[in-house]
Amino acid sequence: MAASASKKSIRTSVILPEDTHARIQALADANNVSAAWVIRAAVVRFLEEHGDQTELPLRLPKTKKVER
């Protein structure tokens, strides 16, 4: 998944559950790549598989709300 020099990249951020972040980081460490690389690869794969659909093929799990 090489980025073309002519394509502009946009920085974005997401908030992930701690356990999800840990799993991504472990996968990145095991493959000697950055967590950002793993996330980009996952997004690209998801869009290749589902990008032409008008509805998401999944329901994201509801997160537990933390009382403050």
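The values are calculated or read from the model by the stated rules, or taken from the named source; none is laboratory data. Values in this document were obtained by computation on a predicted structure and should not be read as measured data. Cβ: placed from backbone, ideal geometry, glycine included. Neighbour counts: every protein chain shown. Accessible surface areas use protein heavy atoms only, side chains included; no ligands, DNA or RNA. Shrake-Rupley method; radii C 1.70, N 1.55, O 1.52, S 1.80 Å.
Taking every residue in region 5-26 that is part of a helix (DSSP H, G or I) and pairing it with any residue that is open to solvent by less than 100 Å² (accessible area, probe 1.4 Å), at least 6 positions away or on another chain, the pairs with Cβ-Cβ distances below 7 Å are ILE24/ALA35; ILE24/VAL38; ILE24/ILE39; GLN25/ALA35. Every listed requirement among (1) under 14 Å from the mean Cα position of the chain (by Cα); (2) modelled with pLDDT of 90 or more is met by PHE46 save one, (2).
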